[in-house]
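K.L.:
For reference, the structure I am asking about is given below.
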C-alpha cells in the first residue's frame, strides 16, 4: 500500500501521534489523584487550572504551529521533541499550583498540540491519492497508546513514584524521537509528494493562505461541525461520573462501555481511510456527526444499562471519522502549500473546544440542568451545524474556489 519514503512518513506519523498521548487528557488524568494529593487541591481547582492551561496552549499553537510551513520538517520535529522532553521533565517537578499550571500548559501544548499537529500536517502535505489511508494509519498510533498506556501506567505507579515516571518518559522521548525522526524524515522537504499517476495534482488547486481561509464563510461552517465531537465528547468524558449517577448505570457499566467506544473508534478509523480515498473527505463530511447526534438521543430517552454501550459506541464511530476528516478535509479544500498554518489554526480551535466543553458542561450542570437537558443542548448544536453544512455541501470542491 505504501512504498519507500511513503512508508517512512506513515511510521513517523504513527510514532508522533503515539507520543502525543503524553499530553492527552486520558493520560494526564491518570495522575489526577496523585497530583491533587500532593498539592492538597480539589477536583474543581484541578479542573479550572487544567482548562485555563489548555486555553493558553491553544492560543500559542496558532502562532507556533504555522512555522511548519517555513522550517524543514526534520528540524521542526526535533524542536517539538526537545520541547516535549523538557515538558515531561518539568511535569515531574510539580510542587505548587503555579508549577502545575505551567506543567499542564507545556504538556498540552507540546503533546496534544504540537506532536499531533506535526504528524497530521506532514502526512496531509505529502499524500494525495492515499491521504485517507495514511491519516487513519497514523492516528492508529494514538489509539494504540489509549489501549496500552492506562494499564501500563497504573502498574508502574505501584512500583515507582509518579515523579520518577515522568523523568523516565522525558528520557525516553529525548533518546527515541530524534533518532526516529532522523531515520524517517531527514530527506523530506516541502516539495516531497507521494508518487501518483493521477492527472489531477495539487498545483491545479488554489493554495489558500490562512488569512484567505479566515475570510471564507465555508471555513466557519465546516469548523462548527468539526468542533462538535471534541467539545461534546470531552464534556462526556470529564463528567462521566455525573452521567453514571444520573442514569443509575452502576460503577462498572461506563468503564465497560469505553471498551466499545475504543473498538468502534479504531474500526471506524481504519475504514474511514479507505472511504476517504474512494469518495473524498468532502462527500463524507456530512455523515461525520450523525452517530454523535443519535448518541444524544440515546442519552435523552434511555436509562437501561445497555444504552451506555450504545451511547459511547456511537460517539466512538464519530470519533473515528472526525480524527481522519479533521486533517484531510482542509487539504482537499485549501491545498497543501500552507496546510501547516491552516492546521495550526484548526488544531488550536480543537484544543480550545475541549476546554470549552469542560467549562460549558460544568456550567450547565451547576445551573441545575439534568443530563437529559445537557444532551438536548448538544443535540441542537449538532443539528444546526449539520443543516448549515448541508446547504454548502456542493460548494466544498476546489474547483468552486
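Nothing in this text is a laboratory measurement; each read-out follows from the coordinates by a stated rule. Keep in mind that this is a model prediction, so the values were computed, not measured. Cβ coordinates were reconstructed from backbone atoms using ideal geometry, including for glycine residues, and neighbour counts include every protein chain displayed.
K.L.:
Collect the residues in region 293-303 that are assigned to a helix (DSSP H, G or I) and surrounded by fewer than 24 Cβ atoms within 10 Å (Cβ to Cβ), keeping them in residue-number order.
P.N.:
293, 294, 297, 298, 300, 301
K.L.:
A further question follows. In region 135-165, which residues are buried (at least 20 other Cβ atoms within 10 Å of the Cβ), over 21 Å from residue 184 (Cα atoms) and within 22 Å of the chain's Cα centre (by Cα)?
P.N.:
143
K.L.:
Would you check which residues across region 156-175 are under 15 Å from residue 15 (Cβ atoms) and in contact (Cβ under 8 Å) with a residue 12 or more places away in the chain and list them?
P.N.:
169, 173, 174
K.L.:
Okay, moving on. Looking only at region 1-43, which residues are assigned to a helix (DSSP H, G or I), over 24 Å from the mean Cα position of the chain (by Cα) and more than 22 Å from residue 92 (Cβ to Cβ)?
P.N.:
Scanning region 1-43 gives 4, 5.
K.L.:
Please count how many residues of region 202-248 are surrounded by fewer than 19 Cβ atoms within 10 Å (Cβ to Cβ) and not in a helix (DSSP H, G or I).
P.N.:
Count: 7.
K.L.:
I'd like to know if region 106-125 contains one or more residues that are more than 21 Å from residue 57 (Cα to Cα) and either out of contact with any helix residue (DSSP H, G or I) (no Cβ under 6 Å at 6 or more places or on another chain) or surrounded by fewer than 16 Cβ atoms within 10 Å (Cβ to Cβ) (or both).
P.N.:
no
K.L.:
Cβ-Cβ under 7 Å, sequence separation 6+ or interchain: first residue in region 365-383 and more than 19 Å from residue 240 (Cβ to Cβ), partner assigned to a helix (DSSP H, G or I). Which pairs?
P.N.:
Every condition considered, the pairs that remain are 381/228; 382/228; 382/292; 382/293; 382/296; 383/293.
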